[in-house]
Amino acid sequence: MNYEVLLIISIVIFVIVTSIFASSENMELRRVFHVPEGWAGLVYRHGLYVRRHNAGRHVVWGLGWTMSLADLRKTSFELCAQEVLTADKVALGLSLLVTYQVSEPARAAHETQNWLGDLHNAAHLALRAVMCGVAVESLLNRRLEIGSQLLARLQPEAAKLGVSVLAVEVKDVMFPPELEQAFADALKARLENQRALEDVRG
């Protein structure tokens with residue numbers, strides 16, 4: 001009789017334990033996380049950061065586990081029509097194309113409330129700092145050099161946010177109307193001088 005009672009109790013205990021572990025919805029003792037390719041999973045327990053999961057399927061046991069996804073793919077943003085002063089105090093409008101990639105997702109998630117907004121601000125400040133040393137006449141011939149200077153200034157600031165800046169390009173340069181006219185007149189005069197020289201030589 002005692003043997004039968006013990007057997008029944010063992011079966012009941014087995015059924016209860018099996019049902020608890022089989023149902024992830026009831027007690028959430030077993031959690032399955034899926035991280036897509038090109039993303040990282042930031043894993044937390046009871047709100048505290050624990051580790052990073054790379055792409056794949058991950059199973060964790062226990063209560064209080066959560067995960068948030070961070071995009072690691074390369075992308076870019078455009079810093080549009082920023083008004084800056086050149087070394088000769090001419091106000092220009094410049095737009096930049098900044099290519100970047102999140103390299104340390106935990107830092108990007110935890111160090112600042114809005115890392116992308118901070119990156120925009122850092123790019124704006126770098127543009128102002130670089131352009132104050134560039135004369136307007138040399139601007140068009142130094143676009144690649146300016147991009148390199150901006151990249152050198154922006155990379156250490158982005159690293160503090162957990163982001164790698166891969167490239168910075170000067171996309172558009174917008175001159176004041178009177179300066180555009182002056183450039184057009186200078187170009188026209190240069191072309192007319194070239195034609196005059198060619199006529200003399202010919």
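Along the Cα-to-Cβ line of Thr66, 7 Å from the Cα, sits a label point; which residues in segment 27-46 have backbone N less than 15 Å from it? 42-46, by backbone N distance to the label point. Using a simple spin-label model with pseudo-atoms 7 Å out from Cα toward Cβ, Met174 and Thr99 lie 2.5 nm apart.
Evaluated at q = 0.14, 0.20, 0.22, 0.24 Å⁻¹, the base-10 log of the normalised Debye intensity for segment 75-181, with identical point scatterers placed on the Cα atoms, takes the values -0.53, -0.95, -1.11, -1.27. Projecting the Cα atoms of Val84, Ala135, Ala108 onto the dipole axis of segment 75-181, where Lys and Arg carry +1 and Asp and Glu carry -1 at the beta carbon, places Ala108 farthest toward the positive end. Projection of the Cα convex hull of segment 78-141, averaged over all directions and equal to a quarter of that hull's surface, yields 5.0 nm².
Each reported figure results from applying straightforward, stated rules to the coordinates on display, with no laboratory input. Computed from a predicted model, the values in this text were never measured in an experiment. Note that we place each Cβ from the backbone using ideal geometry, even for glycine, and neighbour counts take in every protein chain shown.
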